[in-house]
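Computed from the coordinates by the stated procedures, all read-outs in this text should not be read as laboratory data. Please read all numbers here as calculations on a predicted model, not as lab measurements. We place every Cβ from the backbone using ideal geometry, glycine too, and count neighbours over all the protein chains shown.
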């Protein structure tokens, strides 16, 4: 029993040394891990203004925003109807068309498939548009409808809608 | 330190001088001179040496390529084209490096097939197998990183698809992906870090290969009959017998890889990678390097994003536990009448998976991929444990020299007495 206090002291010293060492190592590793996150200038890669006056009904353009393609489409009446007809509850990623647009005829989407990041086809007249007449991803066969919602294939989510505002009737600011 | 320890004595005084201070000479003599190889080992046992040589070739050619490569999104593609056109023998370095990677995988796949068929992963070589699977993982990571560097269309979109696999992980996925890329999509930050990692990982591989070789030398190499060395009669010294055999294998390998480098350097390349990367246009048909295609087929065979990613990584991770799934004590499939055919079926299945992994994931190809996926996992989880339990193995030979005397020696007109066993001859002295 006489040895016990001594052991306690040693245990305490060992434990506190190991703990301090672990905390110190973790604190030292953190800056290295954090340095791999997007840098400040990358985060600051701001917004883009787009003139949309030249886009005809049914036409779609692709612009670059933060290194990604953004689709801006002026939808036809049929396409709007088709998008509205769908019951949100039946979808894989339920969302009403009204929640995805600010003005009914203008659909703005990040043109990156939510499966593995390819750019879906459907921007050009000659492109395949998939079974729902919106976009079709050639990499692994995801079909998107005229609201950019996932309808068929491996993608888990709808095409993202980026933050944007109408500065006036002919200009959109994205970001 | 102990001044009285026993020091090996060599005839050459320089060697003695070194040996006294660092016993590296006796180490090499023990591990690569007198190291006993089972004398029934066939050419399958040369692929470890071939893989080592290829690794060194890849490191050397890679260092010289790095001297002329620029890891920047605006300049990477042009710097690779400059290597091809303007740098002296740059084309040769690049074709050695790109085709070397493909041959590295061919060799390592044969090496793995060898280990699986002849049961090299079993007791007491389990850790050796685990280190090997670890090397295989590192190789896949390194080749993926390297494929990004030329910054062509396939580089860019391959990197996009593979890094997006991480976004399938619930909750932390997106953040993890962004952290890996250093940006919200594949960009300059990504290219920079991929280059840094592609440069350093081969040296990590080299280190793990060192452990892998050290581990196999503890209990010695396996052999086609899967039985242990029981007497000196069963083995030959590594030097010169196995070294000569490896050298012949190396010559054959040199002819094969040279034929590709000089006469078909782009046979295994994708034409789309000669188009500079364009973040706004995805190629119509994205294909991985053929040597990763079986795993890509598994990814696409599952109609769910997370499920596909889990099964793809699971297909590699499952290899780690193979030594514990296999219940049979008999190593070599030559003595396992049932498992042998399932094992061959596994190899064929892997090949078929690779084939459909290069084709669009539609219709019949998708169906084949799904059947292949079932067999892949069924082989590990059901067939391997079950067959090991019910199968009655053939009678194992008493010793390696027994096999040798019965099967090999009569054919070359000698016999156990006619040919003195090399192991019995006096050890070569340096």
- Divide by every residue of chain A the summed helix terms, -39500 (n - 2.57) for each DSSP H run of at least 4, and state the resulting mean residue ellipticity at 222 nm, rounded to the nearest 500 deg cm²/dmol. -8000 deg cm²/dmol
- Message: Using a Förster radius of 56 Å, what is the FRET efficiency between residue A:98 and residue B:200 based on their Cβ-Cβ separation? Nearest 0.05, please.
- Response: 0.60
- Note on the structure: Rounded to the nearest Å, the spacing of the alpha-carbon centers of segment A:18-97 and segment B:33-50 is 55
- Roughly speaking, what is the centre-to-centre gap between segment B:175-207 and segment A:133-152 when only Cα atoms are used, to the nearest Å? 31
- Message: As I understand it, the value is the acute angle between the Cα axis of helix B:90-117 and the longest principal axis of the Cα atoms of chain B; what does it come to in degrees, rounded to 10?
- Response: 60
- Query: By its C-alpha gyration tensor, with a ≥ b ≥ c as the square roots of the eigenvalues, how is chain B shaped: rounded for a/c under 1.5, else prolate for a/b larger than b/c, else oblate?
  - Reply: oblate
- When B:26, A:147, B:401 are ranked with the fewest other C-beta atoms within 10 Å first, the list becomes B:26, B:401, A:147
- Item | Helical contribution to [θ] at 222 nm, DSSP H n ≥ 4, -39,500 (n - 2.57), averaged over chain B, rounded to 500 | -18500 deg cm²/dmol
- Message: Kirkwood hydrodynamic radius, computed over distinct alpha-carbon pairs, for segment A:43-174: how many Å, to one decimal?
- Response: 14.8
- Message: If I take every Cα pair under 8 Å that is 6 or more residues apart in chain A, average their sequence separation and divide by the length, what percent do I get for the relative contact order?
- Response: 19
- Task: Enter the angle in degrees (range 0 to 90, nearest 10) between the Cα long axis of helix B:47-66 and the first principal axis of the Cα atoms of chain B, meaning the one along which they spread out most.
- Result: 40
- Sort A:61, B:227 so that the residue with the fewest other Cβ atoms within 10 Å of its own Cβ comes first and the one with the most comes last. A:61, B:227
- Task: Kindly identify the protein assembly as shown as rounded, prolate or oblate by the Cα gyration tensor criterion: order the square roots of the eigenvalues as a ≥ b ≥ c, call it rounded if a/c is under 1.5, otherwise compare a/b with b/c, prolate if a/b is larger, else oblate.
- Result: prolate
- Once both axes come from the Cα atoms, what is the angle between helix B:305-320 and the longest principal axis of chain B, in degrees from 0 to 90, rounded to 10? 10
- Query: Build a GNM of chain A with springs between Cα atoms under 10 Å: which of A:18, A:50, A:70 gets the top mean-square fluctuation?
  - Reply: A:18
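Looking only at other chains, what is the average number of their beta-carbon atoms within 10 angstrom of each beta-carbon in B:273-281?
Partner-chain Cβ atoms within 10 Å, mean over residues of B:273-281: 3.
How crowded by other chains is A:108-120, given as the mean number of beta carbons from other chains within 10 Å of each beta carbon?
Numbers: counts 0, 0, 0, 2, 6, 4, 3, 6, 15, 13, 8, 8, 1.
Mean number of neighbouring Cβ atoms from other chains: 5.
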- Task: Work out the FRET efficiency for residue B:126 and residue A:91 from their Cβ-Cβ distance, taking R0 = 60 Å, and round it to the nearest 0.05.
- Result: 0.75
- Could you put B:27, B:147, A:144 in order, starting from the residue whose Cβ has the fewest other Cβ atoms within 10 Å? B:27, B:147, A:144
